[in-house]
Amino acid sequence: MKKERKKNLYNLAIWTWSWVATQAIASFGPNYIWDDHSVLTALAVSVNFVHGILMIFANRRMFNNFDELERKIHLESLALTLGLAVVIGLSYSLLDTTNLITFNAEISNLVIFIGLIYLVLVTINTRRYA
């Protein structure tokens with residue numbers, strides 16, 4: 001079981017970093033590598049999308065290898081993270097569209113929020129159930 005868990009974690013790490021790398025290439029490539037060539041940009045975005053899907057499957061394999069307690073911890077953390085992401089994300093967008101904030105609401109800020117809140121909630125739930 002421990003060997004399988006380590007393999008799943010390694011696999012998830014590879015696909016996560018691969019997705020991050022393809023995200024960077026798709027984001028910066030049009031401006032710095034291939035001078036806004038639309039076919040190359042579409043290809044880079046497509047490759048990034050595929051890597052994202054494979055990362056999701058790797059994450060699912062990891063979760064399927066969790067015991068009951070780990071699943072409960074992560075399920076509660078994910079449920080709260082999803083709810084907060086929707087409520088905070090839509091409120092953030094409304095602040096932008098109604099011009100109540102002077103800057104543009106960027107998706108990257110929401111992604112950072114999601115990652116941090118999930119990390120905090122997993123930590124809290126782990127302590128709560130341990």
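The values are calculated or read from the model by the stated rules, or taken from the named source; none is laboratory data. Just so it is clear, the model here is predicted, and its values are computed rather than measured. FYI the Cβ positions are ideal-geometry reconstructions off the backbone, even for glycines, and counts take in every protein chain you see.
Of all residues in the range 100-113, none satisfies being among the charged types (D, E, K, R), surrounded by 13 or more Cβ atoms within 10 Å (Cβ to Cβ) and either on the phi < 0 side of the Ramachandran plot or touching a strand residue (DSSP E or B) at 6+ places or on another chain (Cβ under 8 Å) (or both). Cβ-Cβ distances below 6 Å connect the following pairs, each with a first residue in the range 113-129 that is under 17 Å from Arg71 (Cβ atoms), a second residue that is acidic (Asp, Glu) and surrounded by 16 or more Cβ atoms within 10 Å (Cβ to Cβ), and a separation of six or more residues or different chains: Asn125/Glu76. Only one of the listed residues (Val39, Val87, Val45) is assigned to a helix (DSSP H, G or I), assigned by TED's automatic domain parsing to the domain that holds Thr126 and at pLDDT 95 or above. That residue is Val87. Residues in the range 83-115 that are of a type in the set (Ser, Thr, Tyr) and over 20 Å from Ser27 (Cβ atoms): Ser91, Tyr92, Ser93, Thr97, Thr98, Thr102.
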